[in-house]
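Shown next, in structure tokens, is the structure this report addresses.
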Amino acid sequence: MNATTAGATAPDQGRIVLLTTSHRVAPGLLSWPAWQALRTADRVVCADGAHPQLPYLREAGIRVEETAPTAEELVDDCAGGRTAVVVATGEGDPALTDGLARLAGSGRVPMPDLELLPASYDLPGARLLDLVQVMDRIRLECPWSSQRTHEGLAKYAIEEAYELVEAIEDGDRDELCEELGDVLLQVVFHARIAEEDPDAPFSVDDVAGTIVDKLVHRHPHVFGDETADTPEEVRAHWLRTKAAEKQRTSVTEGVPLGQPGLALAAKLHSRVRTAGLDVPLPAGEGIGYDLLALAARAESEGTDPEAALRAAARSYRDAIRAVEAAGG
């Protein structure tokens, strides 16, 4: 609020607009209020001569001064009802904003109206662009990351997936957010390595495009004319479209044999049950066959045997710690 003198009408002290933009949005794509502020301003300044918006502002006929006025200079310049627009730099303009706050807080300086005007906003998922840029720089400049291969990173993908599952089971939201980021890093890292393949390169955009196409195709009840009102109907859509895509000759195709044994047994049993095949469990002696039967039973009852065993193991771990804490 402008300072006023008792019994008198204060002169118009003008207006200072701090215009912020996002580097994650194409330059020149500004909001209508931002363009209005720029076109009607008496003065437009920007401290960064390499700001990506400047060529587009000038192309639109906006005269931008490449200068960094002090807070005092800008306040004086707005006296008499003038408007100054400051195109903020990527790091912000802390010297200017701190100076304006100091002047306003002093109560001794008639202040113009101060306005923060976002000219462009980040869209959902915009920080993924930052991740791609950071990964690109790390791949180029980090001695360790620049030497990694798909094969060398494979074990980390497995480790991060297990840590994600642990965070989910612990119910720790902060840990869940962090572990999701670690899994996402593996995807972006592998995609960045794939760009360098001399024979069959692909990028993170190709990865994203592939999964987008797959999701759209396998959800005709969302993106097409089919309907599905229950989870069971959705699953039926998914299985039909997946079968048409893969053209598999066996229900066992696509089941990774390197996964943990209980999960592997349950997955095979799920494929058999879903396909309606009559395949008796193999008879044999030993704990392996006993575990196979337990995994099949759990899958039939809708229980994830891996998750069930992990839950039991966690209880066992807690019991061990309780005994240790008691000194026994």
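The values are calculated or read from the model by the stated rules, or taken from the named source; none is laboratory data. The shown structure was predicted, so the numbers you read here are calculated from the model rather than taken from an experiment. Cβ coordinates were reconstructed from backbone atoms using ideal geometry, including for glycine residues, and neighbour counts include every protein chain displayed. Each accessible area value is taken on the protein alone, full model and side chains, heavy atoms only, with ligands, DNA and RNA left out. Shrake-Rupley method; radii C 1.70, N 1.55, O 1.52, S 1.80 Å.
Apolar share of the accessible surface for the chain: 57 percent from carbon plus sulfur atoms, 1.4 Å probe.
With contacts taken as Cα pairs under 8 Å and at least 6 residues apart, the chain reaches a relative contact order of 14 percent.
Extending 7 Å from the Cα toward the beta-carbon at both VAL234 and GLU301 defines two label points whose distance is 2.6 nm. Remark: the chain carries 64 Å² of accessible area per residue (probe radius 1.4 Å; ligands, DNA and RNA excluded). Projecting the Cα positions of SER300, GLN133, CYS177 onto the charge dipole of the chain (unit charges on Cβ atoms of Lys, Arg, Asp and Glu, taken about the Cα centre) puts SER300 furthest along the positive direction.
I need the shape label for region 237-281. Rule: rounded when a/c is under 1.5, else prolate if a/b > b/c, else oblate, with a, b, c from the alpha carbon gyration tensor. Oblate.
Sorted largest first by accessible area at a 1.4 angstrom probe radius, with every protein chain in place, the residues LYS155, LYS246 fall in the order LYS155, LYS246. Using R0 = 56 Å, the C-beta based FRET efficiency linking ASP318 and GLU72 works out to 0.30.
For THR249, the accessible area of its heavy atoms, probed at 1.4 Å with every protein chain present, is near 130 square angstrom. In whole percent, what relative contact order does region 133-252 give with Cα contacts below 8 Å and a gap of six or more residues? Reported as a whole number, the value is 16 percent. Can you tell me, using C-alpha contacts under 8 Å and at least 6 residues apart, the relative contact order of region 16-71 as a whole percent? Reported relative contact order: 34 percent. Listed by chain and number, the lysines whose C-alpha is less than 25 Å from the C-alpha of LYS246, apart from same-chain residues fewer than 8 away, are LYS214, LYS267. Given their separation in residues at 0.36 nm each and the Cα-Cα distance between them, ARG63 and LEU29 gain 10.5 nm when the chain is fully extended. Placing +1 on the Cβ of every Lys and Arg and -1 on the Cβ of every Asp and Glu, with no other charges, gives region 148-272 a dipole of roughly 840 debye about its Cα centre.
In the chain, taking the dipole from charged Cβ atoms about the Cα centre, the farthest positive-side position among ALA37, PRO94, LEU153 is held by ALA37.
Against the criterion of solvent-accessible heavy-atom surface with a 1.4 angstrom probe, SER315, SER250 sort, most first, into SER315, SER250. Shown are ARG24, ARG192, whose ranking by accessible area with a 1.4 Å probe and every protein chain present, most to least, is ARG24, ARG192. Label positions at ASP130 and GLU151, each projected 7 Å from the Cα along the C-beta direction, are separated by 3.6 nm. Remark: the chain carries a charge dipole of roughly 440 debye about the Cα centre, counting +1 on each Lys and Arg Cβ and -1 on each Asp and Glu Cβ.
Shape class of region 176-237 from the Cα gyration tensor (axes a ≥ b ≥ c, square roots of the eigenvalues): oblate, since a/c reaches 1.5 or more and a/b does not exceed b/c. With +1 on each Lys and Arg Cβ and -1 on each Asp and Glu Cβ, and nothing else charged, work out how big the dipole of region 62-197 is about its Cα centre, in Debye to the nearest 20. Dipole size: approximately 620 debye. Distance distribution P(r), region 154-293, all Cα-Cα pairs, bin width 10 angstrom from 0: 9, 23, 35, 27, 6, 0 percent. Electrostatic tally near THR21: other residues with Cβ closer than 14 Å to its Cβ, Lys and Arg +1, Asp and Glu -1, net -3. With the gyration tensor restricted to C-alpha atoms of the chain, the semi-axes of the equivalent ellipsoid amount to 60, 26, 21 Å, longest first. Its residues counted as N, region 28-167 yields a C-alpha radius of gyration over 2.2 N^0.38 Å of 1.55.
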